[in-house]
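The values are calculated or read from the model by the stated rules, or taken from the named source; none is laboratory data. Predicted, not measured: the structure shown is a model, and the values here were computed from it. Please note that ligands, DNA and RNA were not included when accessible areas were found on the heavy atoms of the full protein model with its side chains. Shrake-Rupley method; radii C 1.70, N 1.55, O 1.52, S 1.80 Å.
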Amino acid sequence: MGKRKHHKFKKPEEEGLKKQAEKKTEVVVAGGSIKEEPKEIREICWRAAEFDYKDKDVSWFWITGLAMTILAMIALWQKNFFFFVFLVLAGIMVLIFGKKRPRVFDFKIDEKGVHVGDMNFYPFKDLVGFDINVRPGRLDEVVFRRHSYMDAILKLPADSKTAEKAGSFLLGKVKKFKYEETLVELIADLLGF
């Protein structure tokens, strides 16, 4: 029986060594002095969860359910049945997504574009710009704006060193823009999403 080939994900330590090897310098001896020339980095790879997971205790679910119930009762009292149905469905979705744990993805930025996992590829020609969203106490984000009206923002979580390297790597390939978090993102962060 032949051996099956398995796709093996690299451990973070191996990736760190790979990145260090890419950054290593060549030593050239000329006239008795030592000159170091940095090698060019051709890709940046890392692995991260799709979002920061915040563990929610039972009280979070009780408070969320109570808030949704009060809002739904107000909608019924106002005889706004569409808003009532919306609040019930939204409350159920919030409670379900509150339990959801993030998936872990492999991210890669190379000469061609941005790779998210094995399925999603975004060529540089489809990207309008990028920014590094520094978030103290959490993972930073490499943020891309796409040529799209729906889902125009693409965020890749990364540690601060990787985000800094990605920013340097992207400078000649994609324009830099100033990213500001939206009100919806700030509220989601406040609620623990």
Could you order TYR149, TYR122, TYR53, TYR179 by accessible surface area, starting with the largest, using a probe radius of 1.4 Å? TYR149, TYR53, TYR122, TYR179
Please tell me which of these pairs span more than 32 angstrom C-alpha to C-alpha: LYS54/LYS178; LYS56/LYS161; LYS100/LYS175; LYS56/LYS175; LYS99/LYS176? LYS100/LYS175; LYS56/LYS175; LYS99/LYS176
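When the accessible area of segment 38-137 is split by element with a 1.4 Å probe, what percent falls to carbon and sulfur?
67 percent
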